[in-house]
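To keep things clear, I will list the structure first and then write my remarks on it.
The values are calculated or read from the model by the stated rules, or taken from the named source; none is laboratory data. Nothing here was measured: the structure is a model prediction, and the numbers come from that model. All Cβ positions, even for glycine, are placed from backbone atoms using ideal geometry, and neighbour counts span all protein chains on display.
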């Protein structure tokens, strides 16, 4: 069986733009979750460091992507001292 989608986001999104937004949010969320795990932070500590509430950290860790905008995720990463670099490449 041939897979006509490049990623799961391409399969579930209505538009290429929505798929790209979902891919970017997933990458940022994974980075934040990895940092929380690496630091051994509880949800409460992570919330304090990220500048959000504990339920928001829970949403993050449960992968509730629809609850997070790119702006919010960038701000969360900045609040823990990480930088986000954007690289744009032409589509193939």
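One table, with the values for the structure above:
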read-out	value
Residue count, segment 35-53 (criterion: farther than 20 Å from residue 71 by Cβ and exposed (fewer than 14 other Cβ atoms within 10 Å of the Cβ))	6
Test for residue 19: is it without any contact (Cβ under 8 Å) to a residue 12 or more places away in the chain and in contact with a helix residue (DSSP H, G or I) (Cβ under 8 Å, 6 or more places away or on another chain)	no
Residue in segment 75-86 that is closer than 13 Å to residue 29 by Cβ, outside any loop (DSSP other than H, G, I, E, B) and either modelled with pLDDT under 95 or in contact with a helix residue (DSSP H, G or I) (Cβ under 8 Å, 6 or more places away or on another chain) (or both) present	yes
Selection from segment 53-65 of residues that are under 20 Å from residue 24 (Cα atoms) and in contact with a helix residue (DSSP H, G or I) (Cβ under 9 Å, 6 or more places away or on another chain)	56, 57, 58, 59, 60, 61, 63, 64, 65
